[in-house]
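J.: Just passing along the structure, written as structure tokens.
The values are calculated or read from the model by the stated rules, or taken from the named source; none is laboratory data. All figures in this text were calculated on a predicted structure; none of them were measured in a lab. Please note: Cβ atoms are built from the backbone with ideal geometry, for glycine as well, and neighbour counts cover all protein chains shown. The protein model used for the area step is the full one, side chains on, heavy atoms only, and it has no ligands, DNA or RNA in it. Shrake-Rupley method; radii C 1.70, N 1.55, O 1.52, S 1.80 Å.
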Amino acid sequence: MKPRYSVFSLARNAMNYHKDWERAWRSPNPKPEYDAVIVGAGGHGLATAYYLAKNHQMTNIAVVEKGWLGGGNTGRNTTIIRSNYLQDASIAIYELARSLYENLSQELNFNVMFSPRGVVMLCQTEHEFRAFKRTAHANRLAGLDCRMITPAEVKEIVPIINDDSNCRYPILGAYYQPRGGTGRHDAVAWGYARGADGLGVDIIQNCEVIGIQRDGNRVTGLETTRGTIRTRKIGVVTAGHVSTIMDMAGQRMPIESQCLQALVSEPIKPVIDCVVMANTVHGYISQSDKGELVIGGGTDSYNNYSQRGSFPALEHTITALVETFPIISRLRMLRMWGGIVDMTGDRSPIIGKTDIDGLYVNCGWGTGGFKSIPGSGFVFADTIANDRPHPIAEPFGLNRFAEGRLIDESVAAAVAH
Amino acid sequence: MSNKPYRLAHGGSRIDRARKVSFTFDGKHLTGFAGDTVAAAVMATGQRVLGRSFKYHRPRGVVGLGSEEMNALVGVGDGARHEPNLRATQVELYDGLTAVSQNRWPSLDFDVSAINNKFSRLFPSGFYYKTFMWPKRFWKHVYEPFIRRAAGLGKAPVGRDPDTYEQIHVHCDVLVVGAGVAGLAAAEAATAAGARVIIADENPLFGGLADIAGGTIDGRPQTEWVKEKTQALAEAENVHVLSRTTVVGHWHHNHLMLFERVADHDPALLAAGTPRHRLWKVRAAYVILASGAIERPIAFANNDRPGVMLASAARAMVERYGVAPGAQGVVFTNNDDAYLTALTLHMAGVGIRVVDSRARAEGELPNAARAAGIDIATSSIISAVHTSLGGLGIGDVKVAAYRRGQGRVISERKVECDFIAMSGGWNPALHLWCHNGGKIRFDDALQAFRPDRHADAIAAVGAANGTFELSNMLAEAHAAGEKAAGKPSGRVAPIAEQPKQKRLEALWFAPATGKYNEGNKHFIDFQNDVTAADLELAQREGYESVEHTKRYTTFGMATDQGKTSNINGLGVLAEATGKTIPEIGVTTFRPPYTPFSFGAIAGTLTKKLFLPIRRTAVYQWHVDRGAVVEPVGQWRRAYTYPRTAEDKHAAINREILCVRNKVGLLDASTLGKIEIKGPDAAEFLDRMYTNTFSTLKVGRCRYGLMLNELGFLTDDGVTVRLADDHFLMHTTSGGADRIAAWLEEWLQTEWPHYRVFVTPVTEQWSQFAIAGPRAREVLAKLAPDFELSNEALPHMTFREGRLGPYPVRVYRISFSGELSYEVATPANLGRGLWDEIVEAGREFGLEPYGTEALHVLRAEKGYIVVGDETDGTTTPYDVGLDGLVSKKKADFLGKRSLQQPHLKSTDRKQLVGLLTEDPNEVLPDGAYAVKEVKDKPPMEMIGQVTSTYMSPTLGRSIAMALIQNGRARMGETLSFPLEGKVVRAKIVEPVFYDKEGAKLNV
Amino acid sequence: MLVVKCPVCGAEGDETDFHAGGQAHVRRPASHDPANISDAEQRDYLFIRHNPKGLHFERWRCDRGCGKWFHAARDTLTLEFKAFYGIAELPPRELMEQANGPWAEYFRQRLAAGTKP
């Protein structure tokens, strides 16, 4: 176990100019064989490893990572955490994740800064209003703490919102999850990495998978740039790169990789205390503890592995947000970036077994991965350890695409006679 | 040293001493000269501190020359025109300018948060990941609110931005980024070769550092050469010359954004209606990157004290603004270039000495300095800085002997001074090179990264390419200009003379007094307060990847995005880990180069132009009539028409009853209309719809269902056979464009052999529904000879003809369940026909009705709305429209998917009607029924309300719902737990009015 | 922002003037033998996609030009277009030969079956 972090350890280390801090995680060489290997040291992969070790006592395991841990979408998202989805299966996994976030800092002894500052989802058309009312009923009966709020309440929670009732998309109300919010994305990866490492998990960075070995229909190991690793359980958690890895095993996937962009403004003193999502105009915004406005946009419509998106996709979002929050017109964009997201046919994730024995996959989180990290890792670890889907993971199996059992969170487009 | 004005008696190439300009800084009224920046004008008054750092709130002065400035950030302007976080080194002074410092309270000179600095030992990098966890709820309620208040820099403006922005799209042959001498030489060559050129520079004046670099070009001083070339480019017809314009980003296929600050420097321009900013979207066949280089600070102990500047900035202060950085200074360098600063200051009468970390300083410039009598200490560094004025200025420094690689200071001596001009070498500004994936390599001679390979048509020249020698720079730029233009220019490259410089020696870390790296702060990222010790701590803790180090320490993440800190940080990391800088790696450069306004990104697409509203030909009539309008897709439609003193509910009820009992008029023009014509049109429609259209007779109408390939309902509407080979398809209002594109896609990509044209005609027609028992009488009055009898024009038929002067298509179709005619006329005649119908209908009690009445009417009749009764996962079977799904056709879109196991399973949600036990209770929209009511959630949900209304026709509430296995549950009573109560409702058939359809066939 | 060129009308412009329409050469089984399609075949048609890092083949529409659909070969890592070709055509032979992974397999089969798309 690691020495604990606390204000006292901080003070103690300060005496010696912080020269005695231990490493947060080791930098081990791969062993020849593990009981299980997770491919991909993003939030989902690291959480999976952590829960495999903690909940299932599988400590002879490794996480292999092509680059640096937490370097993919875990460190590129807009850090929103919420669980107010429409479908039962989605509510179950996102709420598991959200509730794990509540205590994650304490559990990992690493401050992931989960901040339940509230998520406000604006209703800007009658159709959207109705859709959220339905979601609100479903969420209430599922036991989620969520409610519809009035335009006046929206204005109170988000004073900078454009409340002109004659604007293009007037605020008709909002769907509000008070216990949704944000977290510190890097810290989630680092916290899980430190936690897993403390339980004996080898996190092997700069180790790219270049082949998957099979014996008949069963996996037997991995070829990596740092040698061959024997294992009979492989969990692939590589988001936008999942098709590349699965192609090595001959497992075709219902995935397309696209670029999702985000940006931050220069830091300013607090102007917005919660997360606001404006789905009609495709923009969402929050303010980080550092003071930057964190803004997310849409995906490019074509496959893109370049981590660089096209400007119009963001321009569209900014234009909408200038209209929704007029004061940002005179603020400035500091930095923009892209992540490679794995989009499935129904835009819901895939968690579970594959056609190949010992090969498990957790992917397809698309634009919603960060919020689900703890829940995803929790159920995926259980799935790998027991070689059967965890009940919460079961609806998300690959088999749903052949059965037509889709999990569609996008309520039909706004149409009316 | 005293706090006295530093404006020199002479000099200042940029300022006009005859024109005084008054402005305020933190409320104090100050005076500067036309041509000053805020930084220069404030410094001229003797004020050293212009800002406070992010974390420790340490007092900070101006460090840089322009956009690389990280300390002196100010807010400019008042109220809705306030703009935070501007670099004082870039803000041009104008009369009446108001500037405020940031991130301090109560004042710049006395900031209570500076206490953070006293406890800084407790706050190393990443300290917040290790604490603030107990007790748990304190994070949200105590720690985080405190951190948020303390963080942030400037304040946001208040209210709606009164200024305007615009965008311009331009193609060019050659875009030259930066108008220093390299950029000018490249642009001159490209222009002379006949290329269409854009040259852009972020500064108000072209020339880059030419005015402070010395030397001559083509026998003239650099500044004269610059002036002449700038003038020539401005006069050339094939060149856009853009000053105050930053090329902020480079994207795929040579797409670049140029951010022009059109009016920030002159309120008179704004007042005259000039846009504040302009965003140039440039597609360049070729890009020449001549973005110059940025000077590096040196990491020495307390190198952030007010009065520590970059050597180039100190030099420019004197040359450009006639402002001395102090009275007595030290140039601290590892290269020859900074000797130019020493010479410049010396000539201006400022006391100066040089501390050079190199063992030998024997280039032309050091020799000139020596000859001028300037004291030069080689093999030396600054090992300590002592403050004066309570930390707001510098009192003296310690100079220590130094040998490369030395870890600690052995001997040192005190040197009095009040400012330091530092230079750790120069980094090529290769940010734009990297935005779209250009590769870079480390150059050992420069100790800096320089451009390497790039897949795009782009070349770097001059300092941006690591070419610092003036003649080479010009030759390289000239050649690049010709290459970019693809033709010779017919001119020769300019020839330059400049003192030769000797090599620099890397100096990533200057050791300090005392044990290595204890207690002293060697700042790497000034704004974010990241020190060399922080970087090393990150390494020790395992945050080894440079990206980890960056994120853990926040180095390079301030508003300057690491312009001055990036390479220094890598140097420190390299020395700490024994790796080379290339082994450490670099973090990714991302757009933008410098921050640019969201206003410019939105451009003119704000307020009314944000998203244009679509209006029908009759829109103004609805508004004049007092209609409440609602957005439907891009349209605005009349929701209801309340009369004076009538609330919306009463109005809707009145409109419904008017349709049921008399006659109503609806503007249905927004309904999607698509004409499908050609010999194979019928067969094509059979593929598109679940039901069959090839059997439809000419002149008849048929309601059709459309699925996507997943088997789910995506649109519906009535299609009319106008002729054997000619159909008119109606779609939902919101679906018109989508369905037209959908038809076209299948036609072109799957069945290209079909001879069919698909033509969207929604906007060509105005279409009105005249619905109600007296509808026929209204129409008959308008056109007595139009054959309207039930026999001549029965339900679901169509006739073309004239209503008086109006050519019309009359469809006898109904979405209300009443006798109904939809009359379509060309849109330009729409308003006239509408007025005539209103007039003709008067005696029959005709009234307009809106979309809400329409919805209640159709719900009473049990007609579905795609998007209400369906949600993207609903099949035709789910909504009970099995009869509309052909069993005979071998194929139609979505057919095979309907056979996937889950879609044909029997326990799917099915459409039913609901009658609440209490007829006055209206179920809420979207309410869920549960299998079993429990005291508290979770409860198992079995389906949801899709439409719910108080029906004035029936005098009770009605609802439709999708309920698991609903059709088998007819008569069952379901429970809908709401907040505080449970509503119970009986499952019935989802048709509440005129089940037999008698009203339709009259 | 990409520059796209329509092979039908020759219009060349920003990607915003075009519509990206996903993977090319997806065979719709119901257009051929609607009575004999397994659930797995239907799944493959609807959901399974080639998703290579590198050379990819896809559909685009000339949205604001001639309105025609066409095919494009594009590298998903560099985003360079390698070819634009007709909606009823296969890509240039050298590109089919450069293709990797599932695409290589696809073109091998197509070429074996004759080049009719």
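J.: Of all the residues that make up region C:12-21, how many are within 14 Å of chain A (Cβ to nearest Cβ), touching a strand residue (DSSP E or B) at 6+ places or on another chain (Cβ under 6 Å) and either among the hydrophobic types (A, V, I, L, M, F, W, C) or surrounded by fewer than 17 Cβ atoms within 10 Å (Cβ to Cβ) (or both)? Quick ask: steps written out before the conclusion?
T.: Narrowing region C:12-21 to residues within 14 Å of chain A (Cβ to nearest Cβ): C:13-21.
The next check asks that each one be touching a strand residue (DSSP E or B) at 6+ places or on another chain (Cβ under 6 Å); those that pass are C:15, C:18-21.
Cutting the leftovers down to either among the hydrophobic types (A, V, I, L, M, F, W, C) or surrounded by fewer than 17 Cβ atoms within 10 Å (Cβ to Cβ) (or both) gives us C:18, C:20.
Of the residues in region C:12-21, 2 are within 14 Å of chain A (Cβ to nearest Cβ), touching a strand residue (DSSP E or B) at 6+ places or on another chain (Cβ under 6 Å) and either among the hydrophobic types (A, V, I, L, M, F, W, C) or surrounded by fewer than 17 Cβ atoms within 10 Å (Cβ to Cβ) (or both).
J.: Let me ask you something else. When only residues in region B:733-791 that are small (Gly, Ala, Ser) and assigned to a helix (DSSP H, G or I) count, which is nearest to B:Leu803 (Cα to Cα)? Step through it out loud before you land on a result.
T.: Initially, region B:733-791 is screened for residues small (Gly, Ala, Ser), giving B:733-736, B:740-741, B:766, B:769, B:771-772, B:775, B:780, B:783, B:789.
Okay, now just the ones that are also assigned to a helix (DSSP H, G or I), so B:736, B:740-741, B:775, B:780.
Details: B:Ala736: 27, B:Ala740: 29, B:Ala741: 33, B:Ala775: 14, B:Ala780: 9 Å.
Here the residue is B:Ala780.
J.: Between residues in region B:436-450 that are more than 14 Å from every other protein chain (Cβ to nearest Cβ) and among the hydrophobic types (A, V, I, L, M, F, W, C) and residues that are open to solvent by less than 20 Å² (accessible area, probe 1.4 Å) and in a loop (DSSP other than H, G, I, E, B), which pairs lie under 6 Å by C-beta distance while being six or more apart or on different chains?
T.: B:Ile440/B:Leu430; B:Leu446/B:Gly466
J.: Moving on. Among the residues of region A:45-57, is there at least one that is without any contact (Cβ under 8 Å) to a residue 40 or more places away in the chain and more than 9 Å from chain B (Cβ to nearest Cβ)? Explain how you work it out, then say what you get.
T.: Residues of region A:45-57 that are without any contact (Cβ under 8 Å) to a residue 40 or more places away in the chain, as a first pass: A:57.
Still in the running and more than 9 Å from chain B (Cβ to nearest Cβ): A:57.
Scanning region A:45-57 turns up at least one residue that is without any contact (Cβ under 8 Å) to a residue 40 or more places away in the chain and more than 9 Å from chain B (Cβ to nearest Cβ).
J.: Here is a further query. Just the residues that are farther than 21 Å from A:Pro349 by Cβ and aliphatic (A, V, I, L, M), please, taken from region A:23-36. Before the answer, list the steps.
T.: Taking region A:23-36 as the starting set, the residues that turn out to be farther than 21 Å from A:Pro349 by Cβ are A:23-35.
Passing the criteria: only A:Ala24.
J.: Can you name every residue in region A:254-283 that is more than 27 Å from C:Leu2 (Cα to Cα) and within 7 Å of another protein chain (Cβ to nearest Cβ)?
T.: The answer is A:Glu266, A:Pro267, A:Ile268, A:Lys269, A:Pro270, A:Val271.
J.: Just the residues that are under 30 Å from B:Arg408 (Cβ atoms), part of a loop (DSSP other than H, G, I, E, B) and of a type in the set (Val, Ile, Thr), please, taken from region B:557-586.
T.: B:Thr564, B:Thr580, B:Val586
J.: Can you run down the residue pairs with Cβ atoms below 7 Å, 6 or more apart or on separate chains, where the first is in region B:794-806 and over 14 Å from B:Pro784 (Cβ atoms) and the partner is modelled with pLDDT under 95 and of a type in the set (A, V, I, L, M)?
T.: B:His795/B:Leu1000
J.: Taking region A:307-318 only, how many residues are open to solvent by 10 Å² or more (accessible area, probe 1.4 Å) and either without any contact (Cβ under 8 Å) to a residue 40 or more places away in the chain or of a type outside the set (Lys, Arg) (or both)? Explain how you work it out, then say what you get.
T.: At the first step, the residues of region A:307-318 found to be open to solvent by 10 Å² or more (accessible area, probe 1.4 Å) are A:307-308, A:312-313, A:315-316.
With the extra rule that they be either without any contact (Cβ under 8 Å) to a residue 40 or more places away in the chain or of a type outside the set (Lys, Arg) (or both), the set shrinks to A:307, A:312-313, A:315-316.
Result for region A:307-318: 5.
To keep it simple, each residue is scored yes or no on (1) facing another protein chain (nearest Cβ under 10 Å); (2) surrounded by fewer than 21 Cβ atoms within 10 Å (Cβ to Cβ).
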| position | (1), (2) |
| --- | --- |
| B:Arg540 | yes, yes |
| B:Glu544 | yes, no |
| B:Tyr552 | yes, no |
| B:Leu570 | no, no |
| B:Thr606 | yes, yes |
| B:Val618 | no, no |
| B:Arg625 | no, yes |
| B:Pro631 | yes, no |
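J.: If I ask for residues that are in contact (Cβ under 8 Å) with a residue 40 or more places away in the chain, outside any strand (DSSP E or B) and of a type in the set (S, T, N, Q), which ones from region B:354-411 would you list?
T.: Within region B:354-411, B:Ser357, B:Gln406 meet the criteria.
J.: Determine which member of the set C:His25, C:His56 is under 16 Å from B:Trp746 (Cα atoms) and either assigned to a strand (DSSP E or B) or open to solvent by 10 Å² or more (accessible area, probe 1.4 Å) (or both).
T.: Testing whether each residue is under 16 Å from B:Trp746 (Cα atoms) and either assigned to a strand (DSSP E or B) or open to solvent by 10 Å² or more (accessible area, probe 1.4 Å) (or both) leaves just C:His25.
J.: Okay, moving on. B:Ala457 versus (1) within 14 Å of another protein chain (Cβ to nearest Cβ); (2) touching a helix residue (DSSP H, G or I) at 6+ places or on another chain (Cβ under 7 Å); (3) buried (at least 18 other Cβ atoms within 10 Å of the Cβ): which is the lone unmet condition?
T.: (3)
J.: Suppose the filter is outside the structural domain of B:Gly249 (by TED's automatic domain parsing) and touching a Cys at 6+ places or on another chain (Cβ under 8 Å); does B:Asp396 pass it?
T.: Details: outside the structural domain of B:Gly249 (by TED's automatic domain parsing): yes; touching a Cys at 6+ places or on another chain (Cβ under 8 Å): yes.
It is true that B:Asp396 is outside the structural domain of B:Gly249 (by TED's automatic domain parsing) and touching a Cys at 6+ places or on another chain (Cβ under 8 Å).
J.: Additional query: For region B:707-727, what are the residues that are in contact with a helix residue (DSSP H, G or I) (Cβ under 6 Å, 6 or more places away or on another chain) and open to solvent by less than 10 Å² (accessible area, probe 1.4 Å)?
T.: Correct list: B:Gly711, B:Asp715, B:Phe727.
J.: So, in region B:272-285, exactly how many residues are under 18 Å from B:Ala600 (Cα atoms) and open to solvent by 40 Å² or more (accessible area, probe 1.4 Å)?
T.: Adding up the residues that qualify gives 2.
J.: When the residues of region B:838-853 are narrowed to those that are aliphatic (A, V, I, L, M) and buried (at least 23 other Cβ atoms within 10 Å of the Cβ), which ends up farthest from B:Val618 (Cα to Cα)?
T.: Checked region B:838-853; the qualifying residue farthest from B:Val618 (Cα to Cα) is B:Ala853.
J.: Out of the residues in region C:69-117 that are among the basic types (Lys, Arg) and touching a strand residue (DSSP E or B) at 6+ places or on another chain (Cβ under 7 Å), which is surrounded by the most Cβ atoms within 10 Å (Cβ to Cβ)? Give the derivation first.
T.: To start, the set of residues in region C:69-117 that are among the basic types (Lys, Arg) comprises C:74, C:82, C:93, C:108, C:110, C:116.
Restricting the remaining residues to those that are touching a strand residue (DSSP E or B) at 6+ places or on another chain (Cβ under 7 Å) gives C:74, C:82.
On the way: C:Arg74: 24, C:Lys82: 17.
Selected residue: C:Arg74.
J.: Read through the list (1) loosely packed, with under 15 Cβ neighbours inside 10 Å; (2) over 30 Å from A:Pro178 (Cβ atoms); (3) facing chain A (nearest Cβ under 7 Å); (4) charged (D, E, K, R), then give the number of the only condition that B:Lys118 fails.
T.: Single failed check for B:Lys118: (3).
J.: Please note which helices (runs of 4 or more DSSP H) are completely contained in region B:98-212 and include at least 3 residues that are over 31 Å from the mean Cα position of the chain (by Cα). Give the steps one after another, and end with the answer.
T.: Working: elements: B:115-118, B:127-130, B:144-150, B:181-192.
Once the helices (runs of 4 or more DSSP H) in region B:98-212 are filtered for at least 3 residues that are over 31 Å from the mean Cα position of the chain (by Cα), what remains is B:115-118, B:181-192.
J.: Could you list all residues from region A:346-393 that are modelled with pLDDT under 95 and either in a strand (DSSP E or B) or farther than 20 Å from A:Gly296 by Cα (or both)?
T.: A:Asp346
J.: Related question: Scan region A:147-181 for residues that are under 30 Å from A:Gln106 (Cβ atoms) and open to solvent by 20 Å² or more (accessible area, probe 1.4 Å) and jot them down.
T.: Result: A:Arg147, A:Ile157, A:Tyr176, A:Pro178, A:Arg179.
J.: Quick check on my filter: what residues within region B:854-908 are of a type in the set (Gly, Ala, Ser) and open to solvent by 30 Å² or more (accessible area, probe 1.4 Å)? Break it down stepwise before answering.
T.: The first filter runs over region B:854-908 and keeps only residues of a type in the set (Gly, Ala, Ser), leaving B:859, B:862, B:867, B:872, B:880, B:883, B:886, B:890, B:894, B:897, B:905.
Matches in region B:854-908: B:Gly880, B:Gly883, B:Ala890, B:Ser905.
J.: Test B:Phe23 against the stated conditions and say whether it is hydrophobic (A, V, I, L, M, F, W, C) and in a loop (DSSP other than H, G, I, E, B).
T.: So B:Phe23 does not fit the description; no.
J.: Could you say whether any residue in region B:355-366 is out of contact with any Gly (no Cβ under 6 Å at 6 or more places or on another chain), crowded, with 24+ Cβ neighbours inside 10 Å, assigned by TED's automatic domain parsing to the domain that holds B:His252 and closer than 25 Å to B:Asp211 by Cβ?
T.: No, region B:355-366 contains no residue that is out of contact with any Gly (no Cβ under 6 Å at 6 or more places or on another chain), crowded, with 24+ Cβ neighbours inside 10 Å, assigned by TED's automatic domain parsing to the domain that holds B:His252 and closer than 25 Å to B:Asp211 by Cβ.
J.: Among the numbered criteria (1) free of Cβ contacts under 8 Å to residues at least 60 places away in the same chain; (2) surrounded by fewer than 16 Cβ atoms within 10 Å (Cβ to Cβ), which one does C:Cys66 miss?
T.: (1)
J.: Okay, moving on. Kindly indicate the residue of region A:237-250 that is more than 10 Å from chain C (Cβ to nearest Cβ) and open to solvent by less than 20 Å² (accessible area, probe 1.4 Å) and also nearest to A:Val219 (Cα to Cα) among those meeting that condition.
T.: Across region A:237-250, the extreme among qualifying residues is A:Ala249.
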